[in-house]
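Novice: My questions all concern the structure below.
Rule-based calculations on the coordinates, nothing more; no lab input. As the structure is a prediction and not an experimental result, all values here were calculated from the model. No Cβ is skipped: glycine too gets one built from the backbone with ideal geometry, and neighbour counts run over all protein chains shown.
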Amino acid sequence: MRGNPKREFLRHTISVPLEVHRVAESSPLREQSINVSFGGLAFLARTCPAIGEVLRLRIPIVEPTFEAEARVAWCMPEAEKYLVGVEFLDSR
């Protein structure tokens, strides 16, 4: 379908605290995840990162702690914040 590309991975709703570290900044931002799939996740952010920017993500409340680097794929306004979609580059 035009304007609605097929997703490669099934997304699962997840609402957990997410630490987002923009490489250019010294401390991580505390954001809220929305959904996750094998290939990436979406989260709400106070600012809209640049498409292509690489972020370090961390979910500290799961055991073992989830950590991954991800590339910003899209960003759109969502109420007073931004909904950001990222694709995982790796995960540990």
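Novice: Net charge near Leu89, counting Lys/Arg +1 and Asp/Glu -1 over other residues with Cβ under 9 Å of its Cβ? Could you put the intermediate results ahead of the total?
Specialist: Details: positive: Arg71; negative: Glu69, Glu87, Asp90.
Local net charge: -2.
Novice: With a sphere of radius 12 Å drawn around the Cβ of Val54, what net charge do the other residues whose Cβ falls strictly inside it have (Lys, Arg +1; Asp, Glu -1)?
Specialist: On the way: positive: Arg22, Arg56, Arg71; negative: Glu53, Glu69, Glu87, Asp90.
Within the 12 Å Cβ shell, the charges total -1.
Novice: Search the structure for amide H atoms under 5 Å from the amide H of Glu78, placed 1.01 Å from N in the peptide plane, and list their residues when 5 or more places away or on another chain.
Specialist: Residues meeting the criterion, in which the H sits 1.01 Å from N, are Leu83.
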